[in-house]
Amino acid sequence: MTVTAGSEAELAVIDGLIAEQEAALLERTPASARMMDEARQYLAGGVASSWQDAPPRAIWIEKGLGSKITDVDGTTYVDLHNGFGAMLVGHAHPAVVKAVQERVALGTHFAQPTEDLIPVSRDLARRFDQPKWRFANSGTEATLAAFNLMRVAKNRKKIIKIEGSYHGHHDSVQVSVYPEFEDAGPPEHPASVPVHFGVLPEVAANTLVVPYGDVGAVREVLEANPGEIAGMIIEPMMMNIGVVPPPPGYLADLKELLTAHDVLLTYDEVKTGLTTHEGGATGRFGVTPDIVCLAKSMGGGLPCGAIGATAEVMAIVEDDTYEVVGTFNGNPLTMAAAKATLLEILTPEAHAHIEHLRDRMTEGAEEILARHRIAGYVSAFGAKGAVIFSEQRINNYRDFMGYDGRYGHVHWLYQHNGGVFLPPWGKCEQWTLSVQHGDDDVDRFLANLDTFATALKG
């Protein structure tokens, strides 16, 4: 049967494929089902994080090695989920294993500095062009510190954020992450919509929302709030809606505008840092912010976070005007893993290998979409990428909300049942390649995409 992209007939086919593939996934994961049932007695919803319970079922993992993970039912997958991008080094990388084993035998925690802090911060300063650093334990902690740094440094309350961007789970960033159309306001002047009742109205009122890629909208907000805005936080490459690169000149123009208004610019590079370039989006696009936030891939699989900033911003930390604190900040195990990750694993050769795999995935996937006449394209940079099943390019949150998420979900199911573990929530998330992936892993991904395309259009 031949169907038109996005037509009722094609969507009916999609619904049928989803039902078929979900049934297949449920049938082959009985051990995950049993563990989920037991966990519900003690864990709210049976999982440690709501993001783990993607429909139709959370998949419980037993182990990972290299580019592969194995679930509790014994199925081994090519892992392109990679812990939402945290496992850029792959699983059980020998350099990380060795570093952590050696460190753990010397003691796991002191709440005092250890030597590895120095080479890690030195390398981050080189990669991201920020002279001063502090550490945290997650991306949420990093962006929380950035918000406080901006507000304290400028003695102002208001922060600008991008509509549809996710920056963690503290109050100020839980605004207009995935607002419904009826609440979001006009596209050119988005409303500040709290994610839930726990975000107080006054917090939302001090978080001003603009569309991605629109410098003019930022200028309007600055002019409407003179002397009231401390800073702006942005994913320089928007990752919460697939993979959306900045328009040409956008980051440079944004930095110039904010500087002219004495407003600080923070990059949330929790997802893009190290994965999209050896120096993250900062290095890829050549525009340095005042503050950069890192997490995920920096720690080689251990909980981590980092905040880099200019000497002027970090002066308020050095004089104790604002304290960046935390019992486990810069803990010995994370710093040992981060040192191995940065200095031993993520070499120029490793990044070149990832770029090779990325090019093969991109070219192969685009060929399959074209051959089967499926509306869509591939957006990929460095280790990150996504197949976007949309006829039109996604440039911002409103574009993202306008295309049907069922395509991403059924693609995730076909990949999963075909032995490739993509991140769930397929419309939103991206794959992450690792230094331990190879061409055979790419071939498996492309074969599964072709199987899905054939089922949809055959």
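The values are calculated or read from the model by the stated rules, or taken from the named source; none is laboratory data. Keep in mind it's a predicted model, so treat the numbers as computed, not measured. Cβ: placed from backbone, ideal geometry, glycine included. Neighbour counts: every protein chain shown.
General remarks:
- Taking region 261-330 and the strands (runs of 3 or more DSSP E) fully enclosed by it, the elements with 3 or more residues that are small (Gly, Ala, Ser) are at 305-309.
- Condition check for Ala204: under 25 Å from the mean Cα position of the chain (by Cα), outside any loop (DSSP other than H, G, I, E, B) and without any contact (Cβ under 8 Å) to a residue 40 or more places away in the chain: yes
- Residue in region 96-115 that is modelled with pLDDT under 95, hydrophobic (A, V, I, L, M, F, W, C), more than 25 Å from Asp440 (Cα to Cα) and part of a helix (DSSP H, G or I) present: no
- Selection from region 201-215 of residues that are touching a helix residue (DSSP H, G or I) at 6+ places or on another chain (Cβ under 7 Å), more than 14 Å from Val263 (Cβ to Cβ) and either outside the structural domain of Arg151 (by TED's automatic domain parsing) or aliphatic (A, V, I, L, M) (or both): Val203
- Hits in region 145-188 - residues which are out of contact with any helix residue (DSSP H, G or I) (no Cβ under 6 Å at 6 or more places or on another chain) and among the aromatic types (Phe, Trp, Tyr): Tyr166, Tyr178, Phe181
- Test for Leu124: is it closer than 19 Å to Gly300 by Cβ, surrounded by fewer than 18 Cβ atoms within 10 Å (Cβ to Cβ) and touching a helix residue (DSSP H, G or I) at 6+ places or on another chain (Cβ under 9 Å): no
- Among (1) touching a Phe, Trp or Tyr at 6+ places or on another chain (Cβ under 8 Å); (2) within 21 Å of Glu10 (Cβ to Cβ); (3) modelled with pLDDT of 95 or more - the single one Thr454 does not satisfy: (1)
- Qualifying residue in region 69-77 (condition: in a helix (DSSP H, G or I), within 26 Å of the chain's Cα centre (by Cα) and surrounded by fewer than 22 Cβ atoms within 10 Å (Cβ to Cβ)): no
- Residue ID - surrounded by the most Cβ atoms within 10 Å (Cβ to Cβ), chosen from residues in region 216-248 that are part of a loop (DSSP other than H, G, I, E, B) and of a type in the set (Gly, Ala, Ser): Gly242
- Residues located in region 350-391, provided they are of a type in the set (A, V, I, L, M), outside any helix (DSSP H, G or I) and in contact (Cβ under 8 Å) with a residue 40 or more places away in the chain: Ile374, Ala375, Ala380, Ala383, Ala386, Val387, Ile388
- Out of Ala315, Ala337, one residue alone is more than 30 Å from Trp431 (Cα to Cα) and not assigned by TED's automatic domain parsing to the domain that holds Phe452. It is Ala315.
- Only one of the numbered conditions (1) free of Cβ contacts under 8 Å to residues at least 12 places away in the same chain; (2) on the phi > 0 side of the Ramachandran plot; (3) not basic (Lys, Arg) is violated by Gln52, and that is (2).
- Yes/no for Ala338 being crowded, with 20+ Cβ neighbours inside 10 Å, modelled with pLDDT of 95 or more, on the phi < 0 side of the Ramachandran plot and not β-branched (Val, Ile, Thr): yes
- Region 152-175: number of residues that are assigned to a helix (DSSP H, G or I) and touching a Phe, Trp or Tyr at 6+ places or on another chain (Cβ under 9 Å): 4
- None of Leu251, Leu258 is in a helix (DSSP H, G or I), out of contact with any helix residue (DSSP H, G or I) (no Cβ under 7 Å at 6 or more places or on another chain) and crowded, with 22+ Cβ neighbours inside 10 Å except Leu258.
- Some residue of region 171-186 being under 27 Å from Gly213 (Cβ atoms) and modelled with pLDDT of 95 or more: no
- Check on Ile61, within 25 Å of Asn331 (Cβ to Cβ) and either of a type in the set (D, E, K, R) or surrounded by 15 or more Cβ atoms within 10 Å (Cβ to Cβ) (or both): yes
- Top-ranked residue in region 424-451 [being touching a residue at least 60 places away in the same chain (Cβ under 8 Å) and assigned to a helix (DSSP H, G or I); ranked as surrounded by the fewest Cβ atoms within 10 Å (Cβ to Cβ)]: Asp439
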